[in-house]
1. Starting from region 110-122, take each residue that is open to solvent by less than 100 Å² (accessible area, probe 1.4 Å) and list its partners that are part of a helix (DSSP H, G or I), counting only C-beta distances under 7 angstrom and pairs at least six apart or across chains.
2. Can you work out which of the residues in region 77-109 that are open to solvent by 100 Å² or more (accessible area, probe 1.4 Å) and under 13 Å from the mean Cα position of the chain (by Cα) is nearest to LEU38 (Cα to Cα)?
3. For LEU51, state whether it is over 17 Å from THR101 (Cβ atoms) and at pLDDT below 95.
Amino acid sequence: MNVKSLLVGGLLPTVLLGLGTVLMKLSMREGSSVPNYLVQVGGTVLCVGLLATLLGGGWVSSPRAQMFAVLMGLAWATAIASMAYAVSTLNVPVSIIAPLTDSSALVALAASALVFREWSTLNGSRVLAGTLFIVLGAMVVATAKD
């Protein structure tokens, strides 16, 4: 994997998703309801998608591709709604929500290994070590608040 791939596919999303969680809490603190927050975020995602369609070569899709995109949107919106509810109503600190939700990498790893049959290309001992570090790291950071 080259540096551009790591920056565009790894570092940039990591920074933006981390900032997004903080922006979520700021929105909730300013009085946004969870449904209103989802509409605002969804509208922004729609606008970015339309702009990307115009600038990026048009609409190319298939019914199955659209179905998987809708399912991803449903999963993502539900996850964001639960995080927003936990932050705004249950008063869960971002410092606890963020490390726990970042453990989603383990779900993605397991699902992609099954769906795309990537098990054969993975180093099992490294996967186990990484899993241990992610779980321990999430536990340590999530319990860091006094």
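The values are calculated or read from the model by the stated rules, or taken from the named source; none is laboratory data. Small disclaimer: the values here were computed from a predicted structure and weren't measured. Ideal geometry is used to build each Cβ from the backbone, glycine not excepted, and the neighbour counts take in all protein chains shown. Accessible surface areas use protein heavy atoms only, side chains included; no ligands, DNA or RNA. Shrake-Rupley method; radii C 1.70, N 1.55, O 1.52, S 1.80 Å.
1. Note: pairs meeting the criteria are ALA113/TRP119; GLU118/SER112; LEU122/ALA113.
2. Among them, the one singled out is ASP102.
3. On the way: over 17 Å from THR101 (Cβ atoms): yes; at pLDDT below 95: yes.
Taking the combined requirement at face value, the residue satisfies it.
Listed here are the residues, each with its yes/no results for (1) at positive phi; (2) at pLDDT 90 or above; (3) exposed (fewer than 10 other Cβ atoms within 10 Å of the Cβ).
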| position | (1), (2), (3) |
| --- | --- |
| LEU11 | no, yes, no |
| SER27 | no, yes, no |
| GLU30 | no, yes, yes |
| VAL34 | no, yes, no |
| VAL39 | no, yes, no |
| GLY57 | yes, no, yes |
| GLN66 | no, yes, no |
